[in-house]
Each structure stands twice: as structure tokens, then as C-alpha cells.
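Colleague: Here it is, the structure, as C-alpha cells.
Laboratory data are not the source of any read-out in this text; all were calculated from the coordinates shown. Values in this document were obtained by computation on a predicted structure and should not be read as measured data. When we count neighbours, we look across all protein chains shown, and the Cβ atoms used for this are built from the backbone with ideal geometry, even at glycine.
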Amino acid sequence: MKRARRSRILATLGPSSSTLARIRELFDAGADVFRLNFSHGSHADHAERLKLIRQVEAERGRPIGVLMDLQGPKLRVGRIAGGKVLLEAGQPFRLDLDPADGDVTRAGLPHPEIFAALEAG
């Protein structure tokens with residue numbers, strides 16, 4: 001059965017929605033794209049989900065889209081003295097390469113590639 005619509009309904013699959021029965025149910029309810037969040041789960045988990053999606057696709061005779069959401073970079077600042085600071089709106093705050101514990105004025109950002117890519121302006 002072909003749907004006469006241009007929009008898509010996307011369903012994110014996770015641990016509680018990755019059974020064959022649940023994927024069939026979501027597809028039959030209107031989902032036509034399934035998102036796999038690569039920030040969570042192993043490659044083996046995602047391969048199994050993809051296999052189940054393709055099984056439902058074969059059973060229903062209609063293509064199913066798959067969106068593979070890749071994990072982006074996770075930039076973290078270094079340690080903060082006391083564990084946290086409260087910053088006020090408009091307050092100057094500096095990120096630098098110093099590994100010393102940060103405070104209300106600055107924090108270390110242990111990613112030299114960020115600083116190397118910066119240009120004045």
C-alpha cells in the first residue's frame with residue numbers, strides 16, 4: 001500500500017522498542033522511518049535492529065527508511081573547584097588549556113584542536 005503523503009513519521013528505536021513485534025506495531029501505526037541512536041547501544045545492537053526493520057520491510061512489501069544518528073563530539077570542560085560554579089548572565093568567563101581546576105572566572109578545555117582552529121574576529 002502506497003501512502004499519499006510527503007511527510008514522514010519517525011520513530012526512535014531503543015531497548016524497549018526493538019522487538020520484531022514492536023517494530024511491526026510502530027510501522028503498522030504509521031511510522032515509516034526508524035531512527036537508530038548511535039550515542040547509545042553497541043554496533044551489534046544496531047545491526048540487530050536493522051535486521052528486524054528489513055524483515056518488517058520484506059513482510060509488508062514497502063520500503064522503510066532508516067536514520068542512523070551518529071554521535072557527535074562530546075566536549076567537556078576540566079574539573080571545577082568545589083564541583084560547580086554559578087555564572088551570571090553577561091559575566092566574563094574564559095575557556096583555556098590550563099589543566100588547573102576551574103572557578104567562577106575560567107575553566108580548562110582539554111581540547112587543543114579547538115584552540116588551534118580559532119581565528120581572531
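Colleague: Residues with beta-carbon under 13 Å from that of residue 83, excluding residue 83: net charge, scoring Lys, Arg +1 and Asp, Glu -1?
Modeller: For residues surrounding residue 83, the net value is 0.
Colleague: At a 10 Å Cβ-Cβ cut-off, how would you order 57, 119, fewest neighbours first?
Modeller: Fewest-to-most Cβ neighbours within 10 Å comes out as 119, 57.
Colleague: Here is a follow-up. Taking the Cα centre of the range 73-121 as origin and charging only Cβ (+1 Lys, Arg; -1 Asp, Glu), how large is the dipole, in debye to the nearest 20?
Modeller: Computed charge dipole of the range 73-121: roughly 220 debye.
Colleague: Counting only Cα atoms, I'd like the Rg/Rh figure for the range 10-69, Kirkwood definition for Rh.
Modeller: 0.92
Colleague: May I ask you to sort 34, 27, 115 by Cβ crowding, counting other Cβ atoms within 10 Å and putting the fewest first?
Modeller: Lowest count first: 115, 27, 34.
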